[in-house]
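The values are calculated or read from the model by the stated rules, or taken from the named source; none is laboratory data. As the structure is a computational prediction, the values presented were derived from the model and not from experiment. Here Cβ is always computed from backbone atoms with ideal geometry, including for glycine, and neighbour counts include all displayed protein chains. SASA here: full protein model, heavy atoms, side chains in, ligands and nucleic acids out. Shrake-Rupley method; radii C 1.70, N 1.55, O 1.52, S 1.80 Å.
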Amino acid sequence: MIRMENVHKAFGDNRVLQGMTLEVPRGTSTVIIGGSGTGKSVALKCVLGLIKPDSGKIYVDGKDAADTGDRDAFLARFGMLFQGGALFDSLPVWQNVAFRLLRGSLKRPVDEARAIAIEKLRRVGLKPDVADRLPAELSGGMQKRVGLARAIAAEPEIIFFDEPTTGLDPIMAGVINELIREIVTEMGATAMTITHDMTSVRAIADNVAMLHGGVIQWTGPVAQMDDSGDPYLDQFIHGRAEGPIEAVR
Amino acid sequence: MNPLDLLARLGRLVMSVMASFGRVTLFTLDAASHILRPPYYPRELGIALLNIGWLSLPVVGLTAIFTGGALALQIYAGGARFNAEAVVPQIVAIGMVRELGPVLVGLMIAARVTSSIAAEIATMKVTEQIDALVTLSTHPMKYLTAPRVLAALITVPMLVGIGDIIGIMGGYTVAVQNLGFNAAAYLQNTVDFLETRDVVSSLVKGAVFGVIAAVMGCYYGMNSGRGAQGVGRATKGSVEAAAVLILAANFVLTGVFFSI
Ligand SMILES: Nc1ncnc2c1ncn2[C@@H]1O[C@H](COP(=O)(O)OP(=O)(O)OP(=O)(O)O)[C@@H](O)[C@H]1O
Ligand SMILES: [Mg+2]
């Protein structure tokens, strides 16, 4: 279980998170929605310790994420798909996917690691022949899926997906939505997903949280999303230009 | 401007220079501690040895051979003014081994290696690859910095040694071909004149300059700003800093080896 309590983060005078509080129960899928630049990616990075919050607490299974004794063991429980893919461009695709399996505490024999990588690539809809290519030789959507394969390769308990379906065609987006759902229901993983795609929200979420103005504006089960009565959430999910959220023009 | 204001500015400048110096020192110590502690990444070290050592050989060789040749011509022409043309072998040897070999190789490494390390790591930082490394339980200092610094520590002294020899050979070729020196006597003079201390100082300088070059590349890369501009700034800053520090370290090391 992940709990963020009153987390604040500013970059200079750009105050991004201003008291974000969110709870993600174990084995559930939470989707974070919110306008571009509201700090969704920053929030995920705070949980992983990639960005240090200015104040507030983050707990993972009741333990303070800021002072985990063994950082490697802590991070080994997580998988993360970065918004930009963040593939290692000097390594071929399969070594990207199997990165964790080729070194450190989860190290396996090379053949086995490669076989797992190819299997994960298949699960995200990529053929084995991409395995030996370099990331720069793939299309944007393919890179995204390699990033996804890398995030799930070591079968982590907690997985963060930062915009998993952006840049994918609708059919592939459907495949990825199903995959994320499977990972949560079959493997019992805890997932936090950021997306702008409302179809995706309905397909993956148990719970939805909307980030606006540096705080969680609304949170609840996905079934209650349509009749929440929250004007911010309504404007967002229906994509209206008029409403309490200012659309700068 | 008000003199107090000037003083305050000067104070701030000194403070910021001291602070950067402290940060670089801590970074270097951190890199050293990662070199010593497992896990080790032999594959990364192999790639770094190849990039920093082997692939620098052509540029080091060319720099050294032209410098040695030019040095022989200069010393011959300069020496002729007071009938001291005969010192060419000795001065070429001492000039190459003590000063020009290490400094020129150091500067070439700053140009070739520091810039590429800084640009590569800065690009990784900007595209979140460093963050990705961390989430994959791999320490960026251990995976990126340690192999590069270790590889520079091992290979740059070798490059300096090779540069010294090629530089002397450049001087030898010019002296024997164009200036009428006797080949065997030239080599004998060179060997007789050089002391162990000259050679040791050359290699020690090489090791220090190599570490400076690699550390500055990694430091600026890891602390790069955002975007393409951040990568550009990191690369430029790393080469400037490495070159200036190499020249300053050369001055200090020359003092340590030869003024006592
Ligand atoms: N490392 C950083 N340094 C400075 N500012 C940053 C940094 N990371 C993020 N920001 C700023 O924080 C704000 C939130 O960024 P973030 O990437 O979290 O947005 P987001 O909600 O994920 O948006 P999007 O949906 O477009 O991805 C932005 O204004 C951004 O400029
Ligand atoms: Mg984002």
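For residues that are of a type outside the set (Gly, Ala, Ser), touching a residue at least 40 places away in the same chain (Cβ under 8 Å) and over 19 Å from residue A:155 (Cβ atoms), tally how many sit in region A:53-79.
5
Checking residue B:159 against (1) under 30 Å from residue B:71 (Cβ atoms); (2) out of contact with any helix residue (DSSP H, G or I) (no Cβ under 6 Å at 6 or more places or on another chain), only one condition comes out false. Which one?
Of the numbered conditions (1) under 30 Å from residue B:71 (Cβ atoms); (2) out of contact with any helix residue (DSSP H, G or I) (no Cβ under 6 Å at 6 or more places or on another chain), the odd one out for residue B:159 is (2).
Take the residues of region A:1-26 that are more than 27 Å from residue A:225 (Cβ to Cβ) and within 16 Å of ligand 2 (Cβ to nearest atom): which is surrounded by the most Cβ atoms within 10 Å (Cβ to Cβ)?
A:11
Pairs needed: first member in region A:213-236, closer than 16 Å to residue A:38 by Cα; second member anywhere, open to solvent by 50 Å² or more (accessible area, probe 1.4 Å) and hydroxyl-bearing (Ser, Thr, Tyr); C-beta distance under 6 Å; at least 6 residues apart or different chains.
Hits for this filter: A:217/A:232.
Taking the stated definitions as given, is residue B:46 open to solvent by less than 70 Å² (accessible area, probe 1.4 Å), among the small types (Gly, Ala, Ser), in a helix (DSSP H, G or I) and within 14 Å of chain A (Cβ to nearest Cβ)?
Considered against the rule, which asks whether it is open to solvent by less than 70 Å² (accessible area, probe 1.4 Å), among the small types (Gly, Ala, Ser), in a helix (DSSP H, G or I) and within 14 Å of chain A (Cβ to nearest Cβ), residue B:46 comes out as yes.
How many residues are among the hydrophobic types (A, V, I, L, M, F, W, C) and farther than 27 Å from residue B:126 by Cβ if we restrict to region A:62-111?
Summing the residues that are among the hydrophobic types (A, V, I, L, M, F, W, C) and farther than 27 Å from residue B:126 by Cβ in region A:62-111 gives 3.
With the requirement that a residue be within 16 Å of ligand 2 (Cβ to nearest atom) and touching a strand residue (DSSP E or B) at 6+ places or on another chain (Cβ under 9 Å), what does region A:75-88 give you?
Residues satisfying the conditions are A:80, A:81, A:82, A:83, A:84, A:86.
Provide a single number: the residues in region B:57-101 that are at positive phi and among the charged types (D, E, K, R).
Total meeting the criteria: 0.
So in region A:27-74, with the set limited to residues that are among the charged types (D, E, K, R) and under 15 Å from the mean Cα position of the chain (by Cα), which one is nearest to ligand 2 (Cβ to nearest atom)?
So, considering only residues that are among the charged types (D, E, K, R) and under 15 Å from the mean Cα position of the chain (by Cα), the one nearest to ligand 2 (Cβ to nearest atom) is A:40.
Is one or more of the residues making up region A:137-154 open to solvent by 30 Å² or more (accessible area, probe 1.4 Å) and within 16 Å of ligand 1 (Cβ to nearest atom)?
yes
How many of the residues making up region B:136-160 are within 13 Å of chain A (Cβ to nearest Cβ) and surrounded by fewer than 24 Cβ atoms within 10 Å (Cβ to Cβ)?
7
Quick one: which residue in A:176, A:171 is more than 16 Å from ligand 2 (Cβ to nearest atom), part of a helix (DSSP H, G or I) and either within 13 Å of chain B (Cβ to nearest Cβ) or touching a residue at least 12 places away in the same chain (Cβ under 8 Å) (or both)?
From the options A:176, A:171, the qualifying one is A:176.
Checking the structure you have, find out if any residue of region A:122-136 is within 14 Å of another protein chain (Cβ to nearest Cβ), closer than 28 Å to residue A:36 by Cα, open to solvent by less than 10 Å² (accessible area, probe 1.4 Å) and among the aliphatic types (A, V, I, L, M).
There is no residue in region A:122-136 that is within 14 Å of another protein chain (Cβ to nearest Cβ), closer than 28 Å to residue A:36 by Cα, open to solvent by less than 10 Å² (accessible area, probe 1.4 Å) and among the aliphatic types (A, V, I, L, M).
Out of the residues in region B:91-130 that are within 14 Å of another protein chain (Cβ to nearest Cβ) and without any contact (Cβ under 8 Å) to a residue 60 or more places away in the chain, which is most open to solvent (accessible area, probe 1.4 Å)?
Ranking the qualifying residues of region B:91-130, first place goes to B:127.
Being within 14 Å of chain A (Cβ to nearest Cβ) and part of a helix (DSSP H, G or I) narrows it down to one residue among B:57, B:133; which is it?
Just one listed residue meets the conditions, B:133.
Quick one: in region A:82-99, which of the residues that are under 19 Å from residue A:155 (Cβ atoms) and open to solvent by 20 Å² or more (accessible area, probe 1.4 Å) is farthest from the other protein chains (Cβ to nearest Cβ)?
A:94
So which residues in region A:29-55 are away from chain B (no Cβ under 13 Å) and crowded, with 17+ Cβ neighbours inside 10 Å, if there are any at all?
A:29, A:30, A:31, A:32, A:33, A:34, A:35, A:38, A:39, A:40, A:43, A:53
Among the residues of region A:45-60, write down those that are near ligand 1 (Cβ under 8 Å from one of its atoms) and either aromatic (Phe, Trp, Tyr) or farther than 19 Å from residue A:13 by Cβ (or both).
A:45
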